[in-house]
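Remarks on the structure that follows.
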Amino acid sequence: MSAPQETVPKEAKVLSLLLHASGVAECEPKVISALQEYCLSFTQKLLSGASKVAELSGREHPDASDIRFSANKLRQQMSRPYSRDYYLEVMSK
C-alpha cells in the first residue's frame, strides 16, 4: 500500500515554481502560505478599488482602465517610504 499523498493547492504550486525560477532553491511552507495570503489581499484590494472607480464613473463593472488606475494607486501606496519616527520606534524595540 502506498502512503497517501498530500494535496497541494494549485496556487501554492505556482508560487513555488515562481520562487524556484527566481533562484530560491527551497523555503519553508510558511513562506508559501504568507505569499498566498499577500496575493489574495492584493487582488482583493485591486478589484475593490477598480470597482469603486467604475462606480464613480457610472459603470456597473470595472474595465481595464479601472484596474490599471487601481494598480497604480496600490503601487504608490506600497512604495511610500516609512517615516523616520517609524524606523526609530522599530529600532528601539
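Please find, within the stretch 28-79, the residue that is surrounded by the most Cβ atoms within 10 Å (Cβ to Cβ) out of those that are of a type in the set (S, T, N, Q) and not in a helix (DSSP H, G or I). Among those residues, the one meeting the criterion is SER57. Looking at this structure, is SER83 over 30 Å from THR7 (Cβ atoms) and either in contact (Cβ under 8 Å) with a residue 24 or more places away in the chain or surrounded by 14 or more Cβ atoms within 10 Å (Cβ to Cβ) (or both)? Against the criterion (over 30 Å from THR7 (Cβ atoms) and either in contact (Cβ under 8 Å) with a residue 24 or more places away in the chain or surrounded by 14 or more Cβ atoms within 10 Å (Cβ to Cβ) (or both)), SER83 does not qualify.
Right, LEU17: closer than 24 Å to MET78 by Cα and either out of contact with any Ser or Thr (no Cβ under 7 Å at 6 or more places or on another chain) or not in a loop (DSSP other than H, G, I, E, B) (or both) or not? Criteria not met by LEU17.
All of the numbers you see were taken from the coordinates with simple rules; none came from a lab. The model shown is predicted, which means the values in this text are computed figures rather than measured ones. FYI the Cβ positions are ideal-geometry reconstructions off the backbone, even for glycines, and counts take in every protein chain you see.
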